[in-house]
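The values are calculated or read from the model by the stated rules, or taken from the named source; none is laboratory data. Model, not experiment: these values are computed from the prediction. Here the Cβ positions follow ideal geometry from the backbone for every residue, glycine too, while neighbour counts run over all protein chains shown. For accessibility, only protein heavy atoms count, side chains too; no ligands or nucleic acids. Shrake-Rupley method; radii C 1.70, N 1.55, O 1.52, S 1.80 Å.
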Amino acid sequence: MATIHESFHDEFDLACESIRGAKIRPELDWQEIPSPERTVEHSLALAAGVKQGSDTPSSIDSPSGAGRFMLLYDPASFDEWGSAFRVVCFVQAPLELEIGLDPFIAEVAWAWLRDALTLRGAEYEHLAGTATKIISEGFGQLSSHGKGSQLELRASWSPKDTNFAAHAEAWAEVLCSIAGFPHQEGAVSLDAFRNAHKR
C-alpha cells in the first residue's frame, strides 16, 4: 500500500511541476495561492490579475480582470471525473457596455475557452461551466458610476494528458481575452461570431 500511495504522490508532484513551469501571458501578474478549504486532500491553486501599468502596484485582484485556477487530484474520484485530476477555474473582467449588451457575448466567452484549450494543445473531457454577463447601473451616491458591465466565466474539466501547463496557459489566455487583449491566433472573435449567426 505504501508503494501505491507514493506513486499517487509522485503523480501529483509532477503535475504541479508542470503547472509551475507554465508560460503565462506577460499581461498578467500571477502567483500560487493556498487552496480553498474543504477541497480534496491534494490541490494546487493559482491566482492572476491583469497588470495595471508601471505606476500602479500589481495585484492578483486587479479591477481590470482577475481569475483563479485550481488543479484537484483525487484518484478515488476517477469514476466521477473520468480522471484522477480535475481543473476548476474562474475568470472575470469588466466590459464596455456595448459589448456587455451583445446577446452573443456569453457564447463567445465559452468559445474562447474551448479555443484556448485546443490552441494550447490541452487534452480534456467532461467540460462544464457557465458564462454570466452582469449589467449594472449606479444610483444615489453611486450615480456617478453610471452604467457598466462585467463578464464571468466559471468552468471545470478533466485533463486527459500530462501537459498540465497547457491547461493553466489556456485559463490565462481566456482571462486575457475577456480583459480585451489580442486573441491567440486561431481563436474566434466577437465580430466573427456575430457574422456566423447572421447567415
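Scanning segment 93-143 for residues that are of a type in the set (Phe, Trp, Tyr) and touching a strand residue (DSSP E or B) at 6+ places or on another chain (Cβ under 7 Å) returns Trp110, Tyr124. If Glu123 passes every condition in (1) at pLDDT 95 or above; (2) farther than 26 Å from Asp74 by Cβ but one, which one does it miss? Here Glu123 meets the rest and fails (2). Only residues that are surrounded by fewer than 14 Cβ atoms within 10 Å (Cβ to Cβ) and either among the acidic types (Asp, Glu) or part of a helix (DSSP H, G or I) (or both) were counted in segment 100-134, giving 1.
In segment 176-188 there is no residue matching the filter, namely being modelled with pLDDT of 95 or more, touching a helix residue (DSSP H, G or I) at 6+ places or on another chain (Cβ under 7 Å) and not acidic (Asp, Glu). Candidates in segment 44-56 are the residues that are within 20 Å of the chain's Cα centre (by Cα) and more than 15 Å from Trp171 (Cβ to Cβ); of these, the one that is least open to solvent (accessible area, probe 1.4 Å) is Gln52. The set of residues from segment 17-43 being within 17 Å of the chain's Cα centre (by Cα), surrounded by 14 or more Cβ atoms within 10 Å (Cβ to Cβ) and over 16 Å from Ala170 (Cα atoms) comprises Ile33, Ser35, Ser43.
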